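Take a look at the structure below.
The values are calculated or read from the model by the stated rules, or taken from the named source; none is laboratory data. As the structure is a prediction and not an experimental result, all values here were calculated from the model. All Cβ positions, even for glycine, are placed from backbone atoms using ideal geometry, and neighbour counts span all protein chains on display. These area figures cover heavy atoms from the full protein model, side chains too; ligands, DNA and RNA do not enter into them. Shrake-Rupley method; radii C 1.70, N 1.55, O 1.52, S 1.80 Å.
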Amino acid sequence: MKFGTINHENKPTLVTLTGAGVVPLAELYASADLGEAPASLNALIEGGEELLERARTALAKGSAAALDEASIDWLPAQPRPTKVLGVAFNNMGIRKAAHRDPGVPNFFLKAPSCLTGHNKPVIIEEHYGETIPELELAAVIGRRARKISVAEARSAIFGYTIVNDVTSHGLKFGLDSIATTREPDLIRPHHLGWRNRHGDDDRDVYFVYHTRSKASDTFGPMGPWLTTADEVADPNNLTVKGWLDGEPFAVDSTASYRFKVEEVVAEASAYFTLEPGDVICFGTSAKGVGKFPNGHRSVNMHKLTGVMDVEIDGLGRLSNPIVHDWVR
């Protein structure tokens, strides 16, 4: 089953996809005489399997007029997660450049406030510098999970959606990074063991804080749909495609992940208590196509405008225009 969130009659409204089109879930509940529908995606998730089965019944028995899709004001499929986790370098095509592979996912956080909906603009300001899209499968967590095993991980997922993990390299290596040269008595093995040194006098220690570069406003397009986990047979084998103004720039698969979906969720739960509704983004699609040999890294949104589209097998298509705002 597919769920989305839209701004309808000036309030966030849970919708679903029927054979007729996009309809408010509450209208299906009413027509099927099922009482009050969940008011939000979080309410639906927290209601567990019983509430999800009730929604399936509403879809099967209810009826409602479809909304005009051209006029729908989409919000993120999951508008209110407590946290959004991302995984850096989880594509084997780009991870091979790493000096050292730590053997575990490299996590970062995106602010929930960066999330935006289908058809909403990604706004690039002049001082952001080079900014690229990252086409990603994301999972929405369905239950509280702490220190779960790889075998248990899939059972903790409510559903899957599409996220464009917009990333500003200009901000990352400008405002979000700092380098220091440590005195010999302050150097520890962990300061330098993750990279190649250039002699004994190389005591440079680098710090990168993925904050502005990953979590500025509009840097998290999501949706339009959240597809329940029962409809995704294998999240580790989904084709991911990206277009700029209709021209393909990336064609890859989640089979290219260094760490599978289950491994990422289990490792995340070892450090962060996963709450119902939390979002985990699993990593970008990197294989380029046509005049974009480096895929998403060939698309500098600071220099380009147009409409970005991301499609993942069975999950739908997410579209967002690039808008430049040079007034600060």
Check on V104, open to solvent by less than 30 Å² (accessible area, probe 1.4 Å) and under 24 Å from the mean Cα position of the chain (by Cα)
no
Test for A30: is it at pLDDT below 95 and not basic (K, R):
no
Return the residue satisfying two criteria in turn: it lies in segment 1-22 and is in contact (Cβ under 8 Å) with a residue 12 or more places away in the chain and more than 24 Å from the chain's Cα centre (by Cα), and of such residues it is surrounded by the fewest Cβ atoms within 10 Å (Cβ to Cβ).
A20
Scope segment 78-99; condition touching a Leu at 6+ places or on another chain (Cβ under 7 Å), assigned to a loop (DSSP other than H, G, I, E, B) and open to solvent by less than 20 Å² (accessible area, probe 1.4 Å); matching residues
Q78
(1) assigned to a strand (DSSP E or B); (2) closer than 17 Å to P235 by Cβ; (3) touching a Ser or Thr at 6+ places or on another chain (Cβ under 7 Å): which one isn't true of I148, the others all being true?
(1)
How many residues, within segment 315-328, are over 18 Å from P221 (Cα atoms) and either among the small types (G, A, S) or free of Cβ contacts under 8 Å to residues at least 24 places away in the same chain (or both)?
1
Of these, E126, E134, which one is farther than 24 Å from K83 by Cα and open to solvent by 20 Å² or more (accessible area, probe 1.4 Å)?
E126
For segment 52-74, name all the residues that are open to solvent by less than 40 Å² (accessible area, probe 1.4 Å), within 23 Å of G142 (Cβ to Cβ) and under 27 Å from the mean Cα position of the chain (by Cα).
L52, A55, W74
